[in-house]
Structure formats: C-alpha cells, structure tokens
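Colleague: For reference, the structure I am asking about is given below.
Rule-based calculations on the coordinates, nothing more; no lab input. Worth saying up front: this structure is predicted, and the values here are computed from it rather than measured. Quick reminder, even Gly has a Cβ in these numbers, built from the backbone with ideal geometry, and neighbours come from all protein chains shown.
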Amino acid sequence: MGDCPKCNGTSLIPLVKDGKVIPHTFLHCECYEEELDHYYPLRKEDFDFSMSYSYYRGLSQYHGWPDPGTDIVEESNLEDRIDNLEAITAESGSMPRHYHDRLQQLEARVIRAETKLNEYLSPKKQTQLEKSSKNLRSRLKGIDT
C-alpha cells in the first residue's frame, strides 16, 4: 500500500455503475495486497467441549501430540460388561452364563441342605421331603433351559 494515483493509498476505489457513483460501495484497487490469515497451531486446551475418545485420539495423532493411550479396563468391570452383553444378546429361553453358574451353585446348596435335613428326619418325613425335593429339582431344571 504505497502512494497509488488511482486510490491515493487507500486501496479502495469507489464503485461506478451506469456512470453514477454508488455511495459507500468500494472495490479493491490493483495495488491492494490481501492480508494472509494467520492461524495459530491448535493446542489441547483449545478443545473445551466434549468429544468422543476416538476422535480425541485421532486429533492427537494428527497434530503430533502425545498419544493419550488406551483405556485400561479393570477385570471386574470387564466381567460385568460381558455379563450385561450376554443378558442383552441372549436368545429367548436361554440364560446368560453368569446367571446359569449362579443357578447351579444355588441348586447345589439346596441339595446339600436337603441331604443334611434328611439325616435328621424320620423315615416318614423323608418320603414326603423326597417328593417335594423331586418337585423342586424339576422346577430348577425347567428354569435351567
């Protein structure tokens, strides 16, 4: 932007249309030099909004920031996630592995309590108890499928 005879150093020329000067409307002169926008490099602090972890990790790789690493999942948390996934994706009539194992443990406890109780009861009561235990076992097997 020096002393230009057309624009007098302003880099702006009034717009003339159909021989009339349009007020408050200008065009850039030939001497105009466009200023380049200066972008500053992005920093981690510039991202003060929520974003997914994978997007943030991609930004880190693109800009050369240190890799934030992967999430370390605790084993107990992972087991809960697997159980929840099995519960969600289980077919109708099937049971997730975790609940199946619990049911088997419960069944073993019931059978053990039953045998202990049989040791203390008389023979008459034992036959009644055996009938009810068979009924209970058949119910548990019905749930097991």
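Colleague: Mind listing the phi-derived Karplus ³J(HN,Hα) values for the range 38-55, rounded to whole Hz, using 6.51, -1.76 and 1.60 with θ = phi - 60°, and x for any glycine or proline?
Modeller: 9, 9, 8, x, 6, 10, 4, 5, 6, 9, 9, 10, 6, 8, 5, 5, 5, 5
Colleague: Ok, one more. At most 12 other Cβ atoms within 10 Å and a DSSP loop assignment: could you name the GluC sites (Glu not before Pro) in the range 20-65 that fit?
Modeller: Within the range 20-65, the qualifying GluC sites (Glu not before Pro) (loop, at most 12 other Cβ atoms within 10 Å) are Glu30, Glu33, Glu34, Glu35.
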